[in-house]
Each structure stands twice: as structure tokens, then as C-alpha cells.
1. From the list Ala59, Ala48, which residue is within 19 Å of the chain's Cα centre (by Cα), open to solvent by 20 Å² or more (accessible area, probe 1.4 Å), of a type in the set (Gly, Ala, Ser) and within 14 Å of the ligand (Cβ to nearest atom)?
2. Would you pick out the residues in region 115-139 that are away from the ligand (no atom under 15 Å from the Cβ) and closer than 30 Å to Ile258 by Cβ?
3. State all residues of region 70-110 that are among the charged types (D, E, K, R), within 16 Å of the ligand (Cβ to nearest atom) and exposed (fewer than 14 other Cβ atoms within 10 Å of the Cβ); if no residue qualifies, say none.
4. Condition check: touching a helix residue (DSSP H, G or I) at 6+ places or on another chain (Cβ under 9 Å), within 16 Å of the ligand (Cβ to nearest atom) and touching a residue at least 60 places away in the same chain (Cβ under 8 Å). Does Cys37 satisfy that?
5. So, in region 192-216, how many residues would count as being in a loop (DSSP other than H, G, I, E, B) and surrounded by 18 or more Cβ atoms within 10 Å (Cβ to Cβ)?
6. If Leu160 meets every condition in (1) in a helix (DSSP H, G or I); (2) more than 16 Å from the ligand (Cβ to nearest atom); (3) in contact with a helix residue (DSSP H, G or I) (Cβ under 9 Å, 6 or more places away or on another chain) apart from one, which number is that one?
7. Being of a type outside the set (Asp, Glu) and surrounded by 15 or more Cβ atoms within 10 Å (Cβ to Cβ) narrows it down to one of Gly148, Gly135, Gly139, so name that one.
8. How many of the residues making up region 233-264 are open to solvent by less than 10 Å² (accessible area, probe 1.4 Å) and either β-branched (Val, Ile, Thr) or free of Cβ contacts under 8 Å to residues at least 60 places away in the same chain (or both)?
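The values are calculated or read from the model by the stated rules, or taken from the named source; none is laboratory data. Remember, predicted model here, so these are calculated numbers, not experimental data. Cβ placement follows ideal geometry from the backbone for every residue including glycine, while neighbour counts extend to all protein chains displayed. Remember, those area values only see protein heavy atoms, side chains included, never the ligands or the DNA or RNA. Shrake-Rupley method; radii C 1.70, N 1.55, O 1.52, S 1.80 Å.
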Amino acid sequence: METSTIILDGKALSEKIREEIRQQVESYTQKGYRQPCLAVVLVGEDPASVVYVRNKRKACESVGIKSLLYHLPYNTNLSELLELIAELNAREEVDGILVQLPLPKHIPMEEVILAISPKKDVDGFHPENMGRLLGRLEGGFIPCTPLGIDLLLKHYQIDLKGKDVVIVGAGFIVGRPLSALMLWRDATVSVCHIHTKDIKKYTTQADILISATGVPHIIREDMVKYGAVVIDVGISKVGDKILGDVHFEEVKEKASAITPVPGGVGPMTVSALLLNTLQAYKKNVNKG
Ligand code: GUN
């Protein structure tokens, strides 16, 4: 048994990052610059999305970033959404645009993402930003959850070079961009997904195991190597409980370090969004 498992405190680190952002924003506004501004677009009433958007906007306010909410009805069509995005792209004072996912089924996500100006794409989902991530080109936006995980690992001085990183989940928002970022950090990366024949064969080899499936408690003690670092991206509501992908009580006995849910990756994702928005803002106000 690991006697001194480190709890990777995403909440504490995210608060430290937010304080630094707040000070940077203040130093700009004290010089007479306008506030940074994030436009948040929510289509429909998906309950989880409503909560996430509220949290993101609260976090913006707490650091002095203005947030504009565009809450559109579920039956909004693609051209109406594209029209709004075109307007937000054109508005000088809008630094970042975030379209909350998932979108209603009748709206093709790819077309919406392509329409967002890559310079305002603080989610990092536009192919230009995803391509920069694969190309190891600085200056693009890195998707928020992968960036938040990278910052958390850096803070706890968890080295990635040559390490076996296993990611469970190959989704567009986390698994795929995270695999590119971990490769950038010189890890040996395996990505497991729904068609993987034997997930345990991979997870038991992982120095760093990252689960992003949204399946509560999919990661059990027998799937984890002694001394592994375990990062839990899952947030599922089961009854009135919030459960991660990882069976925390079981796995913490074997892991050398582990993120809690809540209080691990979630707040880091929001802080990464604020960092990306600040990055967009700085480029915007410093240009010309
Ligand atoms: N839905 C779940 N995570 C995210 C995210 O990071 N960005 C957006 N836009 N939607 C999400």
C-alpha cells in the first residue's frame, strides 16, 4: 500500500492561477485598457451544460473578465448560429468565443467550430489550433482540459519524458487533443477507446493513467499499477452523487498520486479557459 498518496489538488492550484490572472487583468485595466471579454454561446437546456456555463461565467467575473451569454433556444438552426458567430468574430471587443458542447443533434458541430475565428477559439477546437498542437507550434490555443491537466502535472513536478501515459477515452474534447499534448511532452502515449480489445492490458502498464470516458467507476484497483499517477477527468451524476471515472477509494491505495472528483481536473479546466482568454486578450490589445 502507498502510505503517502499525494492528492493532486486542482482546486487549490486553480485558485492560485486565477489570482495571477486577476492581477494581470487589473494591471491592464489600470493602464486604461478595456476589460477582456469572453462570449459564451449555449444552445438549448442540457442540464450539465447549463451548470458548466454558469461556472465558467462566474470564474470570468472573479478575475475581471467580462462574459457575454448568448443562450439560444434548442430549435436554433445552423445558419442562425453561424450568423451569431460571424457577428462575434467581427466584434473587436470580443476576445474569445466559446460554444458549449454538446450541441443539439441537428447542428453539425464541425461547421460551427470551423466558423469560429482561430484567434478567438479559446477552446482550441478549430483545426488550425488542433493542427498547431500536433505540429508543436507555440502560440495556438490548447484545449482547456488537456491544458489544465498539463499544468497540474507540471505544478506537482510529475515528469512526462519517456513515461508510459495511457489515456482511456478518445473523444474530441479531451482524449484526442490530450494524446497530442502528452506526445509533445515526450511521453509514450497509448489511447484506449470503445473498440479496444483489452483495456486492462494497457492501464496496468501506465505510469500515468488518465481516464476521460464519463463512465462512472470504470477504473478499478485491479487496472492500476502500484505507484501510478491517476488523473480522473470523468464527472457523472449518479443519483445525487458526483462520481468520477476512477473508483477513488480503491485506487488511491495503489496510486502514488491521484486527482479527486470534484476538486481535481474540473477547476483546472476552467482556469485553463481563463488563461486562454487572457492570451487572446493580450494579442488583441497589443496588436497594431
Ligand atoms: N463540453 C464539455 N467540455 C467542454 C469544453 O471544454 N468546451 C466546450 N465548448 N464544451 C464542452
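1. Ala48
2. Scanning region 115-139 gives Leu134, Arg136.
3. Scanning region 70-110 gives Lys105, Glu110.
4. no
5. Residues meeting the conditions: 5.
6. (1)
7. Gly148
8. The qualifying residues number 6.
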